[in-house]
Amino acid sequence: MDNILAFGAASSQAGRVDALFVMIAVIGGFFFFLTQGLLIYFAVKYRRRQPDRDNETPAITGSPLLEFLWILIPSIVVVVIFYYGWRVYTDQRIPVAGATEVHVNARQWLYEVKYPDGRTAINEIRVPAGKSVKFILSASDVLHGFYLPDFRVKMDMIPGRVTTLWVQPDRPGSYQIFCTVYCGTGHSNMLARLIVMPQGEYGEWVEHAGREGGEGAEREPLAARGERILKSAGCLNCHAVDGKEKIGPNLRGLYGSKVPLEGGTIVTGDEEYLRESIVDPGAKVVKGYPNVMPTFKASIPPEDVKAVVEYLKTLK
Amino acid sequence: MTGIGQPETEGNGRGYLAERGWRSWAFTLDHKRVGAMYLWTTIFFFLVGGVFALLLRLELLSPQAKYFGNHAYNVFFTLHGSMMIFLFIIPAIPSGLGNFFIPLQLGARDVAFPRLNIASYWVFAAGFLVVIGSLVAPMDTGWTFYTPYSAKSAAAVTTLSLGIFLLGMSSILTGLNFIVTIHKLRAPGMTWHRMPLFLWSMYATSIIQVIATPVVGVTFLLLAAERVFGVGFFDPSKGGDPVLFQHFFWFYSHPVVYVMILPAMGIVSEVIPVFSRKPIFGYKAIAYSSMAIALGGFLVWGHHMFTSGMSPLANAIFSLMTFFVAVPTAVKVFNWTATLYRGSITFEAPMLYALTFIFLFIVGGLTGPFLGALATNVQLHDTYFVVAHFHYTMMGGTVMGFFAGLHYWFPKMTGRMLNEKVARAAWALIFVGFNVTFFTMFIVGVRGMPRRYAEYLPKFQLENVISTAGSAVLALGILVMCWNLLQGLRKGAPASANPWRALSLEWRAASPPATENFDEVPVVTEWPYGYGTPKA
Ligand code: HEM
Ligand SMILES: [Cu+2]
Ligand SMILES: [Cu+2]
């Protein structure tokens, strides 16, 4: 289904979005020709024939059967469209295990890119082909957007929150990234590129270019920094990272698990949950634990919270 | 024709227009004068907003922001959007034509609270003066005012939000007035099911205005508080949530799209039977679908936020609800089309605009499912596809409905006829110009061009040039139309009381109607759609 629309899909997911697009276009096209056709046909056929006398017009005032049908049929059609739209969407949003992770932080008017091993870049993201990529998105000033037209996906980037987006780049190439959420004067210049490299080339790039040169390449991997911060911030007074239990829950294996909360809901331990647990621990209290964890909002800057979250993710 | 006598009351001179002097307008208690004042004001802002639109289109001729620069472009689309929405399309039909024709169609002498009515005009005027005042530091946030940008922007956001707060107050007052008027002042014999469909749609609209507008009022006050006192409702660094603003904003602004479209649908439901000489098809279906849209419209605001990090479950629910709200809208289109069947159709300007409404609204409506379905929404959201979609519904729909209403009721409002030839020429220019301008936006949107872009990639230039050319034709059409309306006002041929041979009550009053509308309160014995040849 790739390439079904003139502008070329860059992944199989995108092909599915295109297929959905075509499906809606076909259904819509049918109703378009039906309704416009009747509209124009009636308008022409039943135009007044003599300039000064009306045609005989019947006193038709309605038809319960027709009303029933034209409520029923569109209802069925929209449910079908809804269903496929939802299916394709959920498949896009399902977390993919083992995805390459890239942190992207937006600020007026550029994208700061950070890889888990500490490499950084601006407005350019490099990933290997054939492997899922997970973008971990944040923003430091106002709302921004992260739109990959060739992949048919986008996600808002929100200050104070983490959002995520998955893609599966099948084909090497250089793809456009647009900011889609209005962010001020430079909004339309906030462009970046996603460069999908063949596996081998990517490995080489990581070895050389990616480590040297690069804008102020930071050597310490995020997770290592996170571990350092976690140890110095006193988290281990209340949390264990090995088998034991302290006042708070054990943090090993938390990432990706289902966490039961006070009040009965169950949430997934994703990046956003981990981040929130550190900066606003009272917002979601784990079932069976006291709500005593202090907030670290003021003491750990957002960048470092990200590093801690990265570290927690390594505790499998 | 069934025995509805039509006392073709001779136009008694200038009717409600007889009194002169500014006081007679400023302090008037006559719903017709209040309506006329709203019409003049809103049409003025439509033209100003249109000038901004043309400036946008001019800038988009080139991929670089050559003429005005990025910041000015951003200011232009903000002013264009805010004026079109808050100063034109929300008030134009309800407060303008609605004020004029609700009492007339009800067979009433005025609205229930005439003093409140003129007060709401002056609150509205205060609102637009404050909005104009905000131009000292023009806004560049888009008409959606999303935080945190709007909370940080150096522009006069606080002033503008207070202006919009006042405009909202005025909408609420007008809405309340209409609800009470429709409940209490129906002429003897006018049961709910004998009301013209325009009244049903105005009733549904008023309900939305009264329920939803307070929310946006409060939202804008919170935004002002955030800016002035540094309260952090929407500021993450103070424990607030920027997305909360979007929820508040769309909780109002989605229902409000029905405030924009329902009144136009009401006009179309009036015009189609008159010019087809057939009873409206499916009266009850049309009337109740207005109510269904008004209520269902409150449950779908999340469809503007599918990419804002809401949970997939919430997204799914909003998507499904959105699709269901589309059904009553489709029902209306089917019923109008069926009304044409076996009619005796003539194509005067009101009918041309009403048919154009249906034609363009079908395009707008059928592009909705692309945006309602989650996966395609994620692709198309915030691209030009959305810009095309809402112009097809708002301009192709509401504005065409408004033009239909202006041409249909012009003889009643002014006592004069329009030049039909010029009206048709203007219509043709508008029809062609509109489609060239906006259809190309669907294409460039699918190709990935984001909205609110002063500069764009060179690969999108062809579509943009075509669209700008179309907007010139469209603008010319609108100018010709305005010129024709002014000419008609000054020297149009005198109109009879009922030039279109319509059956609803406003046509029993003189053209233009006298101050208290009717010499004698009419008594209603049947519904207003008894057109056509009686059964043998
Ligand atoms: C005269 C014909 C019109 C033209 C040529 C036109 C053109 C445009 C263009 C090019 C934009 C996109 C700006 C951008 O995203 O960069 C826009 C935005 C918009 N238009 Fe129009 N428009 C017209 C009439 C209308 C009407 C009648 C309405 C009334 C409902 C309207 C409401 C809006 C709104 C709400 C926006 C969004 C502004 C924003 O993004 O904040 N337009 N218009
Ligand atoms: Cu942006
Ligand atoms: Cu909406």
Where only alpha carbons of segment B:193-314 are counted, the Rg and the Dmax (Å):
18.9, 64
Neighbourhood net charge (13 Å Cβ-Cβ; Lys/Arg +1, Asp/Glu -1) for A:Glu271:
0
Order the following by accessible area, largest value first: A:Cys238, A:Cys183, B:Cys482. Probe radius 1.4 Å; ligands, DNA and RNA are ignored.
A:Cys238, B:Cys482, A:Cys183
Helix axis angle, B:157-184 relative to chain B longest principal axis, alpha carbon, degrees
30
Could you state how much accessible area B:Thr515 has, in square angstrom rounded to the nearest 10, with a 1.4 Å probe and all protein chains kept in place?
80
5 Å is the cut-off here: which amide hydrogens, built 1.01 Å from N in the peptide plane, fall below it relative to A:Val153, excluding neighbours closer than 5 in sequence?
A:Leu148
Taking every other residue with Cβ under 14 Å from the Cβ of B:Thr307 and scoring Lys and Arg +1, Asp and Glu -1, one gets +3
Take every Cα-Cα pair in segment A:220-312 and report what % of them are more than 17 Å apart.
47
For segment B:40-50, Karplus couplings with θ = phi - 60° (6.51, -1.76, 1.60), whole Hz, Gly/Pro x
4, 5, 5, 5, 4, 6, 4, 5, 5, x, x
One quarter of the convex hull surface, Cα atoms only: what value does that give for segment B:287-345 in nm²?
5.0
Among the lysines, which fall within straight-line cross-link reach of B:Lys66, defined as a Cα-Cα distance under 22 Å, with same-chain neighbours fewer than 8 residues apart omitted?
B:Lys459
Burial order of peptide ranges B:111-117, B:23-29, B:327-333 (average beta-carbon count within 10 Å, highest first)
B:327-333, B:111-117, B:23-29
Amide H proximity to A:Ile136 below 5 Å, modelled H, separation 5+ or other chain, gives A:Val102, A:His103, A:Val104
Could the peptides B:206-213, B:378-385, B:309-316 be put in order, highest first, of the mean number of other beta-carbon atoms found within 10 Å of their residues?
B:378-385, B:206-213, B:309-316
Hey, with R₀ at 22 Å, roughly what FRET efficiency would A:His208 and A:Thr120 work out to, going by the Cβ-Cβ distance, to 0.05?
0.90
Please work out the ratio of the alpha-carbon Rg of segment B:31-508 to 2.2 N^0.38 Å and round it to two decimals.
0.94
Pick from A:Arg275, A:Arg152, A:Arg228: which is most flexible by mean-square fluctuation in a GNM of chain A where alpha carbon atoms under 10 Å apart are linked?
A:Arg228
Dimensionless Rg/Rh of segment A:100-213, both radii on Cα and Rh by Kirkwood, sits at 0.95
Global size of segment A:227-281 as Cα Rg and Dmax, reported in angstrom:
11.5, 34
Normalised by the number of residues in chain A, what is the relative contact order in percent for Cα pairs under 8 Å and 6+ residues apart?
14
Which lysines have a Cα less than 20 Å from the Cα of A:Lys297, not counting those fewer than 8 places away in the same chain?
A:Lys231, A:Lys284, A:Lys306, A:Lys313, B:Lys238
Note, segment B:379-388: 3J(HN,Hα) by Karplus (6.51, -1.76, 1.60, θ = phi - 60°), whole Hz, Gly/Pro = x, goes 6, 8, 3, 6, 10, 5, 4, 5, 4, 5
Cross-link candidates for A:Lys45: which lysines have Cα within less than 23 Å, leaving aside residues fewer than 8 places away along the same chain?
B:Lys278, B:Lys332, B:Lys421, B:Lys535
Between B:Val136 and B:Val180, 0.36 nm times their residue separation minus their Cα-Cα distance comes to what?
11.9 nm
Please compute the average number of Cβ atoms from other chains found within 10 Å of each residue's Cβ in peptide B:134-142.
1
Peptide A:168-181, shielding by other chains (average Cβ, 10 Å cutoff):
2
At 1.4 Å probe size, what's the solvent-accessible area of B:Glu463? Round to the nearest 10 Å².
20
Working with all protein chains in place, sort B:Lys284, A:Lys114, A:Lys316 by solvent-accessible area computed with a 1.4 Å probe, largest first.
A:Lys316, B:Lys284, A:Lys114
Using a 1.4 Å probe and counting only protein heavy atoms, how much accessible surface gets buried when A and B come together, both sides summed, in Å² to the nearest 100?
7000
Convex hull of Cα atoms in chain A, direction-averaged projection (nm²):
25.1
In whole percent, the Cα-Cα distances of segment A:30-178 spread across 10 Å bins from 0 upward as 9, 26, 19, 11, 13, 12, 8, 2, 0
On full extension of the chain, what length is gained from B:Glu420 through B:Thr515, given 0.36 nm per residue of separation minus the C-alpha to C-alpha distance?
31.4 nm
Counting pairs of Cα atoms in segment B:17-76, how many percent are more than 19 Å apart?
52
Solvent accessible area, Å² - B:Trp143, 1.4 Å probe, full protein context:
40
Given 0.36 nm per residue, what is the gain on full extension from B:Val523 to B:Met291 after removing their alpha carbon distance, in nm?
80.9 nm
Per residue of A:21-30, what is the mean number of Cβ atoms on other protein chains within 10 angstrom of that residue's Cβ?
4
At 1.4 Å probe size, put A:Val26, B:Val386, A:Val17 in order of accessible surface, largest to smallest.
A:Val26, B:Val386, A:Val17
What list of ³J(HN,Hα) couplings, whole Hz, do you get for segment A:26-39 from phi and the Karplus terms 6.51, -1.76, 1.60, once you set θ to phi - 60° and write x for glycine and proline?
5, 4, x, x, 4, 5, 4, 5, 5, 6, 5, x, 5, 4
Given H placed on each backbone N at 1.01 Å, which residues far from A:Cys179 in sequence or on other chains put an amide H within less than 5 Å of it?
A:Met190
For B:Ser95, what charge total do you get from the other residues with a beta carbon under 14 Å from its beta carbon, if Lys and Arg give +1 and Asp and Glu give -1?
+2
Rounded to whole Å and sorted largest first, list the principal axis extents of the Cα atoms in the protein assembly as shown.
93, 54, 54
Could you rank the peptides A:41-51, A:170-180 by their average count of other C-beta atoms within 10 Å per residue, with the highest value first?
A:170-180, A:41-51
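The values are calculated or read from the model by the stated rules, or taken from the named source; none is laboratory data. Source: prediction; values computed, not measured. Positions of Cβ are generated from backbone atoms using ideal geometry, with glycine treated the same way; all protein chains shown enter the neighbour counts. These accessible areas exclude ligands, DNA and RNA; they are computed on the full protein's heavy atoms, side chains included. Shrake-Rupley method; radii C 1.70, N 1.55, O 1.52, S 1.80 Å.
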